[in-house]
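Student: Here's a structure for you.
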Amino acid sequence: MNELRQFSRFVSGSVRLVTRGNGAYWLWLFVLTVLILSGAEAFARQVRSGLVVTAMRDQVSWGFYIGNFTFLVGVAAAAVVLVIPAYVYNWKPIREIVIFGELLAVSAIVMCLLFVLVDIGRPDRFWHLLPIVGHMNFPQSILAWDVLVLNLYFIVNFIVVTHILYRAFHGKHYSKKVVVPLVLLSIPMAVGIHTVTAFLYNGLAARPYWNSSILAPQFLASAFCSGPAILLAVVQLLRRFTKFEIQDEAIWKVAEMMAYATFINLFLHGAEAFKEYYSNTEHALYTRYWFQGIGEHRTLVPYAWTAVVLNVAAFILFITPKARKNVVLLNVGCLATYAGCYIDKGMGLIIPGLTPDALGEIYEYYPSIAELRVAAGVFALGFLVFTLMLKVAVPILLGEFHGTKPATTS
Amino acid sequence: MKRAAAVLSLLLLVLVVVRSGRARAETPPQTRQAPPPVAGETLEVPPPPFSDGIYPCNTCHDSLKPNPTRRVLEFHDEIQLKHDEQHRWCLDCHDAVNRDVLHLASGQKLSFDESYMLCGQCHGEKLRDWRAGVHGRRTGQWNGHKTYLLCVHCHSPHQPHFKPLAPKPAPKPPMRPIR
Amino acid sequence: METDEVPEGKLPKGVTRREFASIAAAAAAGWLTTACGNRRLHEIPKDKLRSAVARMEAEYAAQYGRAVRVSDTGPMDDVVFAYALDISRCVGCRRCVHACVEENNQSRDPEVQWIRVLSMDKEKGVDFKDANPYYAPETVPEEGHFYVPTACQHCRNAPCTKVCPTGATWTEKDGIVVIDYDWCIGCRYCMAACPYGARHFNWGKPTLPAEQVNTNMHVLGNRPRQQGVVEKCTFCIQRVREGRYPACVEVCPVGARKFGNLLDPKSEIRYIIENKRVLLLKPELNTMPKFFYFYGT
């Protein structure tokens, strides 16, 4: 009975927390809401008229949605992989960030699943993908695996986050029996979701650009760049606008890790580019389309080189101790990493994989307005989830919002 | 004689049914019943593609003396022989005595709906492929009754090169959404 | 339009309340029937399949105002279908493409075509990189070109059926790779996996004029498709399971298209494999197509 009262107080307190905030907070929520509504409207139109409102066609049958999905799987994976040093080496400074990593993972997975939902031609049949009511094509279909591991990963992280926060709310330390095994499970799962997502592409012999065994390691490397990049931005904002204290040391350590990850990412990209260009088989066509264009088809070329420049710049900034300890340069590095990986792993992965198509035709894909609106809506929804979760989590972790005292806003 | 018998028996393997649809009233339907090469298989050939009113040839040729010399044709002026024309002329294939039939190099007479035998004298490999259903178009049942076309339905015997065709419309290239 | 009693902005434009209710009811009914036992078509017991097919016949008959026959004929014993195409004969006239569209009830707009004829350069050989499907000269064949028509290769080791997350596509006992249009979720993973560009997606609502409907349908073949699902060549399953040749075979003016039973040593297909120079598209992928290209000369 007492437990129930506690729970209802937690819920009503949380509602109070998210409904209070300054002007910037409300403006942020307003912007997100507008984007979500615009996305919802575009999605409704897409459901009615079909995916013909996107720029995808038989020639390039996956596009912006699946690109974003792939990128966000990386974000979800990497955010949690920060748990490794925290729990394995029990390194306190990062441990404070971990909870935010898991919140980020939860929001990223929400976006991933939404991107899959908006991409499929029959969202009304999504339940065909579920076990028992539907039919999952095990063990052959990597997509069936992906749906499974993403959902499990979501559940695991959601339980960990809710458990830690709920216990903190009641002024108790989290139960090690619950959290440690789940966190330990979530580490291989984080690697797993990204590996499975890489295998999704990697396993397709029809698409030489993807059919490279370097793809899964490269996915992981780029995830270790983009995930922490977002996280660093978030913790800095938290430090700035809340009483949350995060040591510089933690930020620098993460930045240093990102330098190594960026290097490995660049190295793997370089290895792949070498193979393609030096051996110069017919499979080099796709890499050439990305970096040079084919004939007059050069739409993606500027993006390819922007990504290279951004990733190299980020590496230089993060590997230089002085630069990564400088707040401005650190943030420039984060932004560069984020943008670089976003181009690389979104459009840069999907589009050259499908262009030229299996019969050699070149259709230059770039997203339609409808796709941009739907995607913006999905991102906004993800950010909204993340914002609201932070709004509750931060006061709990600061001890400002707990079961015994009335809630206060930050 | 033995070869002729072999050819004949091969010929008998093929059951030829002349459809009466396009046949001129004068053409008696020539049907041969024989054990088909594959159990349950029936081969069917439509009538040869004569120009309108040209057959039977003997309507005119009965009263004409055969002229084997190479010359510019007066009546059949639409025929431009482009089929190994250095070595051949009309009566190498058309029978001099009975213009309603053809003849093989052996002298054996051949009706027009068996003309593939004549073609097969030189194009033996094509004839073999055609018999197997691999050269030329087949319609009907993949596991039963099939219809063949004669060589001359696609290749004019006088100018056998396949005539160019106007292609059907090309597919529409992928279009981005308008707006 | 009966929108007068509908408050503005409540429903998508062009959908009346009555329509909306009926769509919702149909969706709910569809969900219930599918969820309660009516699973993927090849899992449905024979008698239930027959009644499902009868429902389809009624639905399509109402939709197009014509009597429709939807067959559920299964595979024959000791038959595995295979196809062969003579690239030394094909002149690229595209009669097959359009006969296929008419036979198989493809959407006219947006245009869906199961066969794609590629014009290739004789000097370059079979090379997709420089292939052109959009050639439109006065007459074909064009000087210096040859033609490679492509469609589903009905691979024995089919990448598309392997990747399908819901098992909505599979290989039948007679070797035909089919799709259950009612189970496909439209994720298009199969399209990414197909090395032959054989799978086509209904990006928009398929249109099929009632007077052009081929009313001889098969449940796994040419019955009308829905928006948002994938479709492809079925070797004209509605014809070949009844012993007939596919439409493209019968229409080909040069007789370049051959079809038959791979298990029958006397079939055209076996003759071709044994006597002609045969090639497969992208053999290095080990898809093991049952679609053979050959040089008849």
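Student: So which residues in segment A:194-240 are within 14 Å of chain C (Cβ to nearest Cβ) and over 30 Å from A:Val98 (Cβ atoms)?
Tutor: A:Gly203, A:Leu204, A:Ala205, A:Ala206, A:Arg207, A:Pro208, A:Tyr209, A:Trp210, A:Asn211
Student: Of everything in segment C:152-187, what is more than 7 Å from chain A (Cβ to nearest Cβ) and not in a loop (DSSP other than H, G, I, E, B)? Give them in sequence order.
Tutor: Once the filter is applied, which keeps residues that are more than 7 Å from chain A (Cβ to nearest Cβ) and not in a loop (DSSP other than H, G, I, E, B), segment C:152-187 yields C:Cys160, C:Thr161, C:Thr169, C:Trp170, C:Thr171, C:Val177, C:Val178, C:Ile179.
Student: Exactly one condition in (1) at pLDDT 90 or above; (2) of a type in the set (Gly, Ala, Ser); (3) assigned to a helix (DSSP H, G or I) is false for A:Ser8; which is it?
Tutor: The one condition A:Ser8 does not meet is (1).
Student: Now for a different question. Go through segment A:337-356 residue by residue and tally those that are acidic (Asp, Glu) and closer than 19 Å to A:Leu51 by Cα.
Tutor: Narrowing segment A:337-356 to residues acidic (Asp, Glu): A:344.
After this cut, where a residue has to be closer than 19 Å to A:Leu51 by Cα as well, the list is none.
Looking only at that region, the number is 0.
Student: While we're looking at this one, here's another question. Just to be sure before I move on: is A:Ala358 within 11 Å of chain C (Cβ to nearest Cβ), of a type in the set (Gly, Ala, Ser) and under 26 Å from A:Thr195 (Cα atoms) in the structure I sent? Step through it out loud before you land on a result.
Tutor: Numbers: within 11 Å of chain C (Cβ to nearest Cβ): yes; of a type in the set (Gly, Ala, Ser): yes; under 26 Å from A:Thr195 (Cα atoms): yes.
So A:Ala358 fits the description; yes.
Student: On to the next question. Could you please find all residues in segment A:300-325 being exposed (fewer than 15 other Cβ atoms within 10 Å of the Cβ) and in contact with an Asp or Glu (Cβ under 9 Å, 6 or more places away or on another chain)?
Tutor: A:Pro321, A:Lys325
Student: Is it the case that B:Pro167 is of a type outside the set (A, V, I, L, M) and either more than 10 Å from chain C (Cβ to nearest Cβ) or in a helix (DSSP H, G or I) (or both)?
Tutor: Numbers: of a type outside the set (A, V, I, L, M): yes; either more than 10 Å from chain C (Cβ to nearest Cβ) or in a helix (DSSP H, G or I) (or both): no.
Here the answer is no, as B:Pro167 does not meet what is asked.
Student: Among the numbered conditions (1) under 24 Å from C:Lys276 (Cα atoms); (2) surrounded by fewer than 16 Cβ atoms within 10 Å (Cβ to Cβ), tell me where B:Ala96 comes up short.
Tutor: The failed condition is (1).
Student: For segment C:98-137, what are the residues that are of a type in the set (Val, Ile, Thr) and away from chain A (no Cβ under 14 Å)? Lay out the reasoning, then the answer.
Tutor: From segment C:98-137, those of a type in the set (Val, Ile, Thr) are C:101, C:112, C:115, C:117, C:126; that's our starting set.
Answer for segment C:98-137, where residues must be of a type in the set (Val, Ile, Thr) and away from chain A (no Cβ under 14 Å): just C:Val101.
Student: Which of the residues belonging to segment C:188-204 are of a type in the set (Gly, Ala, Ser), over 14 Å from A:Ile66 (Cβ atoms) and at the interface with chain A (Cβ under 7 Å from one of its Cβ atoms)? It would help to see each step written out before you state the result.
Tutor: Step one: filter segment C:188-204 for residues of a type in the set (Gly, Ala, Ser), giving C:192-193, C:197-198, C:204.
Next, only the ones that are over 14 Å from A:Ile66 (Cβ atoms) stay: C:197-198, C:204.
Selection gives C:Gly197, C:Gly204.
Student: Another question about this same structure. Might you check whether a residue that is under 23 Å from A:Val110 (Cα atoms), more than 14 Å from every other protein chain (Cβ to nearest Cβ) and polar (S, T, N, Q) occurs anywhere in segment A:155-175?
Tutor: Residues of segment A:155-175 that are under 23 Å from A:Val110 (Cα atoms), as a first pass: A:155-166.
From what's left, more than 14 Å from every other protein chain (Cβ to nearest Cβ): A:155-166.
Subset that is polar (S, T, N, Q): A:157, A:162.
For segment A:155-175, residues under 23 Å from A:Val110 (Cα atoms), more than 14 Å from every other protein chain (Cβ to nearest Cβ) and polar (S, T, N, Q): present.
Student: For segment C:197-218, give me each residue that is part of a loop (DSSP other than H, G, I, E, B) and either touching a Ser or Thr at 6+ places or on another chain (Cβ under 7 Å) or of a type in the set (Gly, Ala, Ser) (or both). Explain how you work it out, then say what you get.
Tutor: Of the residues in segment C:197-218, the ones part of a loop (DSSP other than H, G, I, E, B) are C:197-199, C:202-209, C:213-215.
Result: C:Gly197, C:Ala198, C:Asn202, C:Gly204, C:Pro206, C:Thr207, C:Leu208.
Student: Based on this model, can you work out whether A:Val52 counts as at pLDDT 95 or above, over 16 Å from the mean Cα position of the chain (by Cα) and of a type in the set (A, V, I, L, M)?
Tutor: Values: at pLDDT 95 or above: yes; over 16 Å from the mean Cα position of the chain (by Cα): yes; of a type in the set (A, V, I, L, M): yes.
When the stated conditions are applied, A:Val52 passes them.
Student: Go through (1) more than 14 Å from chain C (Cβ to nearest Cβ); (2) surrounded by fewer than 22 Cβ atoms within 10 Å (Cβ to Cβ) and name the single condition A:Gly333 misses.
Tutor: Tallying (1) more than 14 Å from chain C (Cβ to nearest Cβ); (2) surrounded by fewer than 22 Cβ atoms within 10 Å (Cβ to Cβ), A:Gly333 fails exactly one: (2).
Student: Still on this structure, I have one more. When residues of segment A:95-135 are filtered for being more than 7 Å from chain C (Cβ to nearest Cβ) and part of a loop (DSSP other than H, G, I, E, B), how many remain?
Tutor: Result for segment A:95-135: 3.
Student: Also, quick follow-up: Please go through segment A:233-246 and give me each residue that is in contact (Cβ under 8 Å) with a residue 60 or more places away in the chain and either surrounded by 15 or more Cβ atoms within 10 Å (Cβ to Cβ) or within 30 Å of A:Trp210 (Cα to Cα) (or both), ordered by number.
Tutor: Listed by number, the residues that qualify are A:Ala233, A:Val234, A:Val235, A:Gln236, A:Leu238, A:Thr242, A:Phe244, A:Ile246.
Residues checked against (1) outside any loop (DSSP other than H, G, I, E, B); (2) hydroxyl-bearing (Ser, Thr, Tyr); (3) farther than 30 Å from A:Phe126 by Cβ; (4) within 14 Å of chain A (Cβ to nearest Cβ):
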position	(1), (2), (3), (4)
C:Arg223	no, no, no, no
C:Gln226	no, no, no, yes
C:Gly255	no, no, yes, no
C:Glu274	yes, no, yes, no
C:Thr287	no, yes, no, yes
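Student: Among the listed residues B:Leu149, B:Leu118, identify the single one that is within 11 Å of chain C (Cβ to nearest Cβ) and of a type in the set (A, V, I, L, M). So that I can check it myself, show each step before the final result.
Tutor: Details: B:Leu118 fails: within 11 Å of chain C (Cβ to nearest Cβ).
Exactly one residue qualifies, and that residue is B:Leu149.
Student: Taking the options C:Phe292, C:Phe259, name whichever one is buried (at least 24 other Cβ atoms within 10 Å of the Cβ), out of contact with any Asp or Glu (no Cβ under 6 Å at 6 or more places or on another chain), part of a strand (DSSP E or B) and in contact (Cβ under 8 Å) with a residue 40 or more places away in the chain.
Tutor: On the way: C:Phe292 fails: buried (at least 24 other Cβ atoms within 10 Å of the Cβ).
After ruling out the rest, the residue left standing is C:Phe259.
Student: Here is a follow-up. Can you find a residue that is touching a helix residue (DSSP H, G or I) at 6+ places or on another chain (Cβ under 9 Å), modelled with pLDDT of 90 or more and among the β-branched types (Val, Ile, Thr) anywhere in segment A:71-89?
Tutor: yes
Student: Give me the residue from segment C:67-97 that is touching a helix residue (DSSP H, G or I) at 6+ places or on another chain (Cβ under 9 Å) and of a type in the set (Asp, Glu) and, out of that set, nearest to the other protein chains (Cβ to nearest Cβ).
Tutor: The selected residue is C:Asp86.
Student: List every residue pair whose Cβ atoms sit under 7 Å apart, with the two residues 6 or more apart in sequence or on different chains, where the first one lies in segment C:159-187 and is closer than 18 Å to C:Pro289 by Cα and the second, anywhere, is acidic (Asp, Glu) and outside any helix (DSSP H, G or I).
Tutor: C:Val178/C:Glu172; C:Ile179/C:Glu231
Student: Quickly run through segment A:174-223 and pick out the residues that are buried (at least 20 other Cβ atoms within 10 Å of the Cβ) and farther than 23 Å from C:Cys190 by Cα.
Tutor: Passing the criteria: A:Val183, A:Ser186, A:Met189, A:Ala190, A:Gln218, A:Leu220, A:Ala221, A:Ser222, A:Ala223.
Student: Among the residues of segment B:126-142, is there at least one that is surrounded by fewer than 19 Cβ atoms within 10 Å (Cβ to Cβ) and more than 10 Å from chain C (Cβ to nearest Cβ)?
Tutor: no
Student: Just one of C:Val97, C:Val112 is among the aliphatic types (A, V, I, L, M), buried (at least 20 other Cβ atoms within 10 Å of the Cβ), at pLDDT 95 or above and in contact with a His (Cβ under 7 Å, 6 or more places away or on another chain); which is it?
Tutor: On the way: C:Val97 fails: in contact with a His (Cβ under 7 Å, 6 or more places away or on another chain).
Every option except C:Val112 fails the conditions.
Student: Which of the following residues is among the small types (Gly, Ala, Ser) and assigned to a loop (DSSP other than H, G, I, E, B): B:Gly133, B:Gly140?
Tutor: Numbers: B:Gly140 fails: assigned to a loop (DSSP other than H, G, I, E, B).
Just a single option satisfies the conditions, and that option is B:Gly133.
Student: Mind telling me which of the residues A:Tyr166, A:Tyr201 ends up being more than 19 Å from the chain's Cα centre (by Cα) and among the hydroxyl-bearing types (Ser, Thr, Tyr)?
Tutor: Numbers: A:Tyr201 fails: more than 19 Å from the chain's Cα centre (by Cα).
Just a single option satisfies the conditions, and that option is A:Tyr166.
Student: Related question: In segment C:228-253, which residues are in contact (Cβ under 8 Å) with a residue 24 or more places away in the chain and facing another protein chain (nearest Cβ under 7 Å)?
Tutor: C:Gly228, C:Val229, C:Val240, C:Glu250, C:Cys252, C:Pro253
Student: Give me the pairs, please: first residue somewhere in segment A:168-179 and touching a residue at least 40 places away in the same chain (Cβ under 8 Å), second residue anywhere and part of a helix (DSSP H, G or I) and aromatic (Phe, Trp, Tyr), beta-carbon distance under 9 Å, and either six or more positions apart or on two chains.
Tutor: Hits for this filter: A:Phe169/A:Phe10; A:His170/A:Phe10.
The values are calculated or read from the model by the stated rules, or taken from the named source; none is laboratory data. Fair warning: this is a prediction, and the values are worked out from it, not measured in the lab. A quick note on method: Cβ atoms are made from the backbone with ideal geometry, for glycine too, and the neighbour counts reach across all protein chains shown.
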